[in-house]
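Structure first, then comments.
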């Protein structure tokens, strides 16, 4: 026999009462205004629609299932394609690049992050690193909390590296300080004939310094998911016709595909998806452009 906890039952009863009261009022208003009742009952007239949430918690699903359908339409390749610009999800890079034997955050920057950026610049003229911004009360706050908790650590160049990297990255304040530190480190060198852009909160740092960043700064986007599109558009406007997006988030794949029609300046847009053994082939996204 299926049973629910008393706390959950109490919440469900309270929700049902609120729904009944709300629909009673709306039903009366609908009758007095001679509205169409069939249209009225087509919509979830609630601040938190049950189709999208369980109370204050968003319903979740397996987003990766979308990729199965998209892969059937894509043309995967095994070799890295030629591109002149790479737009990278910073959080993905940090998750992918473990500290190894780094003793401090300065060691991590110099021996892990910077060599990776240098490697990427060998095959591109421009690198954009887009970091998430963590704000209280955001829609994803509950999802992030469900991934577990970690210990708050102060992030400075001289600070010792945490023993548990994944646990450290579960704390938003840890990631905010880490992303700011790495953003400054990423643009802290002279790179002839190369460009590096790194987001810093709502701002964008660049090397060499560039004043015309109207399309990408200031930016109010919390998630790198959508902010990546702005940097893709900026790179295309700057003359880059072949661009790669580096991510492991299904959301990014779907968002980029939905925006390709409005980024005609880029002739080829590629997505490199996943990390480690789950890294998928690179997909040629220009294939999805409408005729």
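The values are calculated or read from the model by the stated rules, or taken from the named source; none is laboratory data. Keep in mind that what you see is a predicted model, and the values were worked out from it rather than measured. Quick reminder, even Gly has a Cβ in these numbers, built from the backbone with ideal geometry, and neighbours come from all protein chains shown.
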> In segment 174-203, which residue that is under 17 Å from the mean Cα position of the chain (by Cα) and in a helix (DSSP H, G or I) is surrounded by the most Cβ atoms within 10 Å (Cβ to Cβ)?
Replying inline: 179
>> Looking only at segment 111-131, count every residue that is more than 15 Å from residue 207 (Cα to Cα), touching a residue at least 40 places away in the same chain (Cβ under 8 Å) and either in contact with a helix residue (DSSP H, G or I) (Cβ under 9 Å, 6 or more places away or on another chain) or surrounded by 14 or more Cβ atoms within 10 Å (Cβ to Cβ) (or both) and tell me the total.
In response: 2
> Take the residues of segment 221-243 that are more than 15 Å from residue 268 (Cβ to Cβ) and not in a helix (DSSP H, G or I): which is nearest to the chain's Cα centre (by Cα)?
Replying inline: 223
>> Here is a check on your reading of the model: is residue 79 part of a loop (DSSP other than H, G, I, E, B), without any contact (Cβ under 8 Å) to a residue 12 or more places away in the chain and more than 27 Å from residue 160 (Cα to Cα)?
In response: yes
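Return the only residue of 86, 110 being within 17 Å of the chain's Cα centre (by Cα) and in the same structural domain as residue 131 (by TED's automatic domain parsing).
Details: 110 fails: within 17 Å of the chain's Cα centre (by Cα).
On inspection, the qualifying residue turns out to be 86.
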> From 100, 75, which residue is modelled with pLDDT under 75 and in the same structural domain as residue 172 (by TED's automatic domain parsing)?
Replying inline: 75
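Within segment 1-13, does at least one residue satisfy the condition of being at pLDDT 70 or above and over 28 Å from the mean Cα position of the chain (by Cα)? Explain how you work it out, then say what you get.
Restricting attention to segment 1-13, the residues satisfying the condition of being at pLDDT 70 or above are 6, 10.
When the remaining residues are screened for being over 28 Å from the mean Cα position of the chain (by Cα), the result is 6, 10.
Looking for residues that are at pLDDT 70 or above and over 28 Å from the mean Cα position of the chain (by Cα), one finds at least one in segment 1-13, hence yes.
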